[in-house]
Amino acid sequence: MQQLLQGVNIFLIGMMGTGKTTVGQVLAKRLSYRFFDTDVLIERVTQQTINDIFATEGEEAFRDIESQVLAELAAYTKSIIATGGGIILQQKNWSYLHHGLIIWLDSPVDLLIKRLAEDTTRPLLKATDLNLKLEFLLEQRRSLYAQSDLHIRINDQQTPDDIVTQILAMIPTVIKPKLEIFQNNN
């Protein structure tokens, strides 16, 4: 797999609660890649929680910081990068994401609700009806997520290892070996 990937970064996109961080850590270990979580880096760089950034500076300021972090990470190689759920909202972020393989982790809303019901760290979930809010966010973002290179549907029975195995099995369907590309061009 390392030969096929040639050091290309893998960006995990998708709704909050899909397991991008957990899956990303397992995937990084399996590929001997570094792992980064954009939300963790944002908190380190700003020395504030994401909730605090949203509360004091607003979502727009958060999205600008998020883009800066993504731009820095895109310059690396051999990295798995778990992104925030809304990273796909800014067009300029796609230029950074296209520096690597983009994988959409897609969970049904009922699974997201189960995973996020007690989570108080996500500013966009401060709503009275979690189901309605998640449905709205997913509907708003679905067409953007669909621009990914790989679409991985997740269900409640899958472990992070199962998901990583599925990802590794599907990567060869979107990345062609260099030799094959060379032969096809002649």
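Observations on the structure shown:
- Just one residue in the set G17, G7 is among the small types (G, A, S) and farther than 18 Å from I171 by Cβ; that residue is G17.
- Tally of residues being buried (at least 21 other Cβ atoms within 10 Å of the Cβ) and part of a loop (DSSP other than H, G, I, E, B) across the stretch 65-84: 2
- Subset tally (residues that are outside any helix (DSSP H, G or I) and over 17 Å from I103 (Cβ atoms)) for the stretch 129-158: 3
- In the set (1) at pLDDT 95 or above; (2) of a type in the set (A, V, I, L, M, F, W, C); (3) more than 16 Å from the chain's Cα centre (by Cα), the condition left unmet by I53 is number (1).
The rows are residues; the columns are (1) modelled with pLDDT under 90; (2) of a type in the set (S, T, Y); (3) surrounded by 11 or more Cβ atoms within 10 Å (Cβ to Cβ).
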site: Q90; (1), (2), (3): no, no, yes
site: R115; (1), (2), (3): yes, no, yes
site: S148; (1), (2), (3): no, yes, yes
site: D156; (1), (2), (3): yes, no, no
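- Any chance Q25 is at pLDDT 90 or above and part of a helix (DSSP H, G or I): yes
The values are calculated or read from the model by the stated rules, or taken from the named source; none is laboratory data. This one's a predicted model, so the numbers in the text were calculated from it and none came from an experiment. Here the Cβ is made from the backbone with ideal geometry for all residues, glycine too, and neighbour counts use every protein chain on show.
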